[in-house]
Amino acid sequence: MIKKWLIKAPDEKAVKELCTKGGLTSLAAKALVCAGIDTMEKAVGFFGQDSEEEAFSDPFLIRDMEKACGIINEAVDSGELICVYGDYDCDGVTATAVLAGYLTDIGGNVMTYINERSEGYGINSAAVRKLSEQGVSLIVTVDNGISAIEEAALCKELGITLVITDHHQPGKELPEAAAVVDPHRPDCPSSYKNFCGCGLALKLISAMEGGDTEQIIEQYSDLAAIATVADVVPLTGENRDIVRHGLHYLENTENEGLRALIEKSGIKPPYTSMSAAFTLAPRINAAGRIGSPSDALKLLMSESPEEAEEYAERVCALNSERRNYENKIIKDIIDQINADNSLLDSRIMIFRGTGWHHGVVGIAAARCVEKFGKPVFLMSADEDDSELRGSARSIEGLNVFKALSFAEEALDRFGGHSGAGGFSLSQDKFPLFKQKLLEYADTQAAEGITCIPSIQANGAVSPAELTVENIKGLEVLEPFGEGNPRPVFLLQGCRIDNIISLSNGTHTKLALSGGGTNLTALMFGTKPEEFPLQKGDDANLLVTPEINSYNGRETVSLRVSDIRKKGLNQQKLIAAEDAYYKFRRGESLESRLISAIIPERADLAAVYKSAGRNTLSPTGLYSRLEAEMNYCKFLICLDIFSEAGLMEYDRCAEKVHIIQGAPKADTEQTPTMKRLRLLQ
C-alpha cells in the first residue's frame, strides 16, 4: 500500500523569529510552525508556564464544579457512604484510584465500583440497585455518566445523589443529576475542554482544595499522565502540562502500585509519553480487557509493596495473555486473506470470526489498519451464539460512525466517532451489514472522498541540519503524543552507501551521505534482503531524528518512517494503485487506462528479470526495474506470474519471489490476462 506523503512547508520568516527570539533550534522551530504555532505569543501558550499554579486554569470555570464540590464535601463531613463509579479502561481505572484515594485521605467513607467488561460501558441500573442495597447515598462517576439518562432517574427514585464527571460528548439531553461536570456541555464556559476522565478528576480534586493545584499535581499527576496518553486526548494546553509534570513525578512516585508496575515492566528513566502509552497503560488496560478491572484498581490503590507486587505480576500476566489473544485474531485474519485474496481489494476490510476475545478485537482492528492502510471492521461471535459483536477503526477519509449509521438497518446497537466505533448484530444480518458498508465506501469514492494512508512531515531538512545539538533541541517539544506528534522531516536526495543487518537480520541500518554529511538511519522490522532499494541508489526519506548515546558519546540516528527512490512521482503512484484495485474489484476503467495497464511480453520479461533470487516487497521490486513502467501494470504483472506458477506473491505479507525451477507457463492463459484481453 502506497502511503501519501504530506509535506508541509513552514514559513521561513516565522521559523527565523522562533529561533532568534525564542532560542529554539531550527528543527524545533520548523516543527512548531508546521503545527500552526508561528508566533512568539502562540509559542508561549504552547510551552505553558513554569509553575503549576500558572499552568492550570481555575477549576471553578467548569460548569457545576462548585456545586459538585459542595455535595461531595457535605457527604464526606456527614460520613455518608460514597461510591466512586469508574470505567474499566486505563483512564477510568486511574480516575477511580485518584478520586477514591483522595476522598479516603480527607476522611471520606468511600467504596469503588467499576463495571466488568461484560456489564458494558458506563453506569448501569443493576449496579445502581446493588449500590443502593449496600447503603450508598452518593455516587460520583468518573470517565462516564454523561449519557446515563435512565440511570440518573433511577438514582433519584432510590434516593441516591448523583454527581457526574465525564469528558465525553453529551447528547441532546443531560442526565438529571445533582451536578454534571463535563467541559463539553454547551453551556460550560471553561476555556480548556480536552481532558481525559482522570484529568477531569484532577480538576475536581483541585477545586475541592479551593483551587490549589501544586500539591495535587505532585501527588496525582503521575497517574493522570498515564491516563492522558492512554486515552489519546490531545497533548496540548493543560493536558500537555499534566503529562509533563506527571512524567517528572513518575520517576519518584509514591504510588506503590506504579512502583511495582514500573519494575515489572522493565522501563527505565527518564520516562516519556511513549513509555507510558506503550508499556504502562497497556498493562493497566489488560485487566479490563481480558480479566477484571478490579485487579488494576487494587494495584493502583495498594498500600504495601507486597500487595503491589502481587497485582503488578497479575496485570503483566494479563497483558501477555492479551497479546496472545490479539495475535490469534491477526493470524485468523491472515488465514482468511490467504484463502481469499480479494478481501484485500475492498475499500473497507471486513472480517468475521468465532471465539475472538471481545476485549481485544478493537486493538486487533487498529493493528490491521496499520498493516493494510484501510478501514477495518472486525466482529466475532462466541460458540453457539447468534450475536456478533465488533469494533471498527479507520483512517482519514472514512467516518466510522457515519458508515455504521448507513448500515443501521443491519445493526442492533452501535456507537462511536470518526475514527473508531463499536457495534453488534445478529449473525443472519452479516451479509446485509457487509453489503451496506461496501456500498457506503463506494458512494464516498464516487463523491471523490478518498481513503489513503498518509504520513505528515514538518518540512524538508538538509543533512547539515541534523546535528546532535539541533536534534537535542527537539526535547523542548515533549511530551509527544496525540495533537503533538514526534516530528518527522523530509530528507531528500541521500545516497545509500551501505545496507547493514541488525539484530540477526531483523532490522536494517543504512549508511547515507548527502551534502558532504554522513548519516545513519534505521528501518525497524525490515530485513536487509527485503529492503526496497540498493546500494548506490539516491533516496528520499521521511525520518524522525534521534540521539544515540553509547559509551558517553552522542551521535545522530534517524528512524525511517518511509523511503522512496528519488524521482518517483507520488501522484502517479497513488493513481496507478487506485486503478489496480478498481481492476481487481471489477469496476469500469477508462479506455485510455486499459491500454496502458496491459503488459506486453517485454514488460513481463523486465519484471521477471528484476526479481532475481531475492524476496522483495512489491515496491522494492518496482524500484529495481530498469525500464519505466506504470505501477498498475507492474502489479498486474505480479498477479499474472503468480497465477502462472512462476512467482510466489504473498499479497498479505507484501512479499514476492521467483519460484526456482518452475515449469514454463503460458501467461496469456492466466485469468488476469484473459480479463484484460476482454477489456480491449
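We did not get these values from a lab; they are worked out from the coordinates using the rules stated. Being a predicted model, the structure only gives us computed values, none of them experimental. All Cβ positions, glycine included, derive from the backbone under ideal geometry; neighbour counts span all protein chains shown.
Over the range 121-208, calculate the relative contact order: mean separation of alpha carbon pairs under 8 Å at least 6 apart, over the residue count, as a percent. In percent, rounded to a whole number, it is 26. Per-residue packing, averaged as other Cβ atoms within 10 Å, sorts the ranges 22-35, 352-365 into the order 22-35, 352-365, beginning with the highest.
The peptide list 78-88, 469-479, put in order of mean Cβ contacts within 10 Å with the highest first, becomes 78-88, 469-479. Local charge for residue 313 was computed over the other residues whose Cβ lies under 14 Å away, with Lys and Arg +1 and Asp and Glu -1, and equals -3. Segment residue 626..residue 78, full-extension length gain: 189.0 nm, with 0.36 nm per residue of separation and the alpha-carbon distance subtracted.
Summary of the geometry: the range 274-331 and the range 208-260, compared by the centres of their Cα atoms, lie 19 Å apart. Could you check the spin-label model distance between residue 191 and residue 608? Points 7 Å from the Cα along Cα→Cβ, value in nm. With each label point 7 Å from Cα toward Cβ, the separation is 7.0 nm.
Based on C-alpha pairs under 8 angstrom that are at least 6 apart in sequence, the chain has a relative contact order of 10 percent.
With each label modelled as a point 7 angstrom along the Cα→C-beta vector, the residue 212-residue 58 pair spans 1.9 nm.
On the beta carbon distance between residue 674 and residue 111, with R0 = 41 Å, the FRET formula returns roughly 0.05. Across the range 340-446, Cα-Cα pairs farther apart than 19 Å form 36% of the total.
Its alpha carbons give the range 320-394 an Rg and a Dmax of 11.6, 33 Å. A Förster radius of 25 Å, combined with the Cβ-Cβ distance separating residue 304 from residue 126, puts the computed FRET efficiency at roughly 0.15. Here the range 427-581 is treated as an ellipsoid with the same Cα gyration tensor; its semi-axes, largest first and in whole Å, are 36, 20, 17. The calculated FRET efficiency for the pair residue 653 and residue 492, based on their C-beta separation and a Förster distance of 25 Å, comes to about 0.25.
Contact order, relative form, for the range 298-440: 17 percent (alpha carbon pairs under 8 Å, 6 or more residues apart, mean separation divided by residue count). Less than 15 Å apart at the alpha-carbon level, and either on another chain or at least 8 residues along: which aspartates and glutamates does that give for residue 572? Counting by Cα, and skipping residues close in sequence, residue 572 has these aspartates and glutamates nearby: 628. The convex hull built on the alpha-carbon positions of the range 177-244 has an orientation-averaged projected area of 4.9 nm². Here the scattering of the chain is modelled by Debye summation over its C-alpha atoms, one equal scatterer each and no solvent; at q = 0.09, 0.10 Å⁻¹ the log10 of I(q)/I(0) is -0.89, -1.08. Between residue 44 and residue 13, the contour length at 0.36 nm per residue exceeds the Cα-Cα span by 9.4 nm.
With runs of 4+ DSSP H residues as the only contributors, calculate the mean residue ellipticity of the chain at 222 nm using -39,500 (n - 2.57) per run, divided by the residue total and rounded to the nearest 500.
Estimated from H runs of four or more residues: -13000 deg cm²/dmol.
Ordering 110, 128, 93 by the projection of their Cα atoms onto the charge dipole of the range 65-141, which places +1 on the Cβ of Lys and Arg and -1 on the Cβ of Asp and Glu, puts 128 at the extreme positive end. A simple packing score, the average count of other Cβ atoms within 10 Å per residue, orders the peptides 229-236, 608-615 as 229-236, 608-615, with the highest score first.
Kindly flag which residue pairs out of 42/402; 3/674; 264/402; 328/535; 13/371; 434/674 have an alpha-carbon separation exceeding 32 Å in this structure.
As for pairs spanning more than 32 Å Cα to Cα, those are 42/402; 264/402; 328/535; 13/371.
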